[in-house]
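Single-structure report; data block below.
Read the figures in this text as sums done on the coordinates, not as results from a lab. What you see is a predicted model, and the numbers here were worked out from it, not measured in a lab. Here the Cβ is made from the backbone with ideal geometry for all residues, glycine too, and neighbour counts use every protein chain on show.
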Amino acid sequence: MQPEGALDIVFFVIGGLGLFLFGMKVMSEGLRGVAGDRLRRVLKVMTRNVVLAVLAGSGVTCLIQSSSATTVMVVGFVNAGLMQLSQAIGVVIGANIGTTMTAWLVSGMGVLKITNYALPAIGVGLAMNMAGKGCWKHWGSVLLGFGLLFFGLSLMKDAFEPLRQSEQARQLIVRLARNPLSGVLIGTLFTMMVQSSSATIAIVQVMALQGILSFPQALPLILGDNIGTTITAQIASVGTSVNAKRAARAHLLFNLFGVAVVLPFVWAGAYARFIEFLIPGGIEPSNVMLHVAVSHSVFNVANALIFMPLVGVLAAVVRRLAPGEPGIVNVEPEYLEEHLLNTPSIALEQARLEVVRMIKLAASSVADASAAFFQRDSKRLRLVGQKEEAIDNLQNKITQYLIRISRHDLSPGESKALPVLLHSVNDIERIGDHAVNLAEVAQRCIDDALPFTDTAIGELEQMQAEVSRMFETVIRALAESDMEIAKEVFKSEDALNDMERRFRESHIRRLAQDVCNFSSGLAFVDCVYNYEKIGDHLLNAAQAVLGDFQWGEKVRADTQAQPQG
């Protein structure tokens, strides 16, 4: 099937491009489904140094066939505090290399006639996707996406066939090719519009195959493609933390610098001659797509080799371009040193520091949720979920660390201190859950503009203030292992329980007098419940410092029996 007029050519190109992009999406999702969460674990684990980060970014992008997906994932990791800025830059550099795999795949179209198998791949892939389960269903998506991708390429190839014979089209391209800057601009704008560097490279390869573009004319478009592909990360960074924005800016600077370095060589024709030198034989229709793929890969590999030693410099530059506090929470432990495990006394002290950091995170999470409620400011809620993730992760890491300490010979004092930290960690994790509950209540009140009486607000402020005092006391008790300070928590807990009882009664009176909105009343009760439960878990942490959870009532009685003065 061949297009007969100008309108047919436009329809073929639009339809072919749509099928190509949809095929890429389906294939990428299928590959991610096959790999599962292993891709995320690879990115988080293999980023200890720049070389590993580049390899991880390249490998993951090769697998999922989308540098945009990798860079968006990286921006998300940085925003969540799972990855440092320097690690993210390394992964982004690797993603630029990995995305060139698509061009190599497409280059097989001219050599192996892969498009002949596009329709069977669509049929078989769809059948596997619909009838298969688990891994087979995902592999069906991969095959379906593969078929759609190459069927789209076939349509675009047919669309460009008449242009090869058009003298007007040739003259237009010759005029544009006189200035490589215009080629860079066109490649940039087109890639920004379709948000797929693979689509731009594929179109360039098809136009080169049809003889519409010469290989030297294709090179500026390839350079522009590398700039345009950064738009996806820029979009993904909107509304994220400062560090996430810095990761996106690093992607843009990395590619801009590479284009600035290579463009003079492209302009002089040296880059085209170098690629021709790498591939035996002259440029022919059968291998011109391979030349495009090689030039794309060489550019990104060379750019990566230049920037790998300069990751620190690039990070410093983007910090200046995106100033401000990072605004993220480091979810990984800061004090749990592995090499200290053979010295249990020091390792326990490190674990104590991490537990104190954990409870401070919980306290700030509760404070953020409370401030969002009282001030009706949803921006204060942004970090609550991130802090909850950090608290959950710290619970797991601290528990594992303490279990490893317990396998050593411990002194009586160390044996007594270890369960204190173990139990405290669990209660702090539950406090983080209640902070999230408070955040959800705050968001609901903000979204629905729920009204509250001054009395209700005042009662909740009293509870929040008492909870804050309890946090301060428990933090001091844990940090100093001070039993006397821990005993002070019982007074706050009694006060909090008394508030809960009195405030519930006053709430019922307001409902009876019809001065309280029903939905607002539900939110009020939720807040009272969560503040009281936070107090319970803080009391448990204080009892842990006192040394025996079974003696809680005895300690309370002893504390209350002390003469007041």
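When Met499, Met358, Met207, Met130 are arranged by Cβ crowding within 10 Å, least crowded first, meaning fewest neighbours, the order is Met130, Met499, Met207, Met358.
If packing is taken as the mean number of other Cβ atoms within 10 Å per residue, what is the order of 423-432, 312-321, 181-190, highest first? Intermediate results must be reported in sequence, preceding the final value.
On the way: 423-432: 22.1, 312-321: 14.6, 181-190: 19.6.
Descending mean neighbour count gives 423-432, 181-190, 312-321.
Among the listed pairs Lys397/Lys487; Lys379/Lys416; Lys379/Lys491; Lys137/Lys245; Lys137/Lys379; Lys387/Lys416, give every one whose C-alpha distance is greater than 32 Å. Cα-Cα > 32 Å for Lys379/Lys416; Lys379/Lys491; Lys137/Lys245; Lys137/Lys379; rest within. Residues Val384, Val206, Val124, Val10, ranked from the fewest to the most other C-beta atoms within 10 Å, line up as Val10, Val124, Val384, Val206. Scoring 286-295, 389-398, 133-142, 501-510 by mean Cβ neighbours within 10 Å over their residues and listing the highest first yields 286-295, 389-398, 133-142, 501-510.
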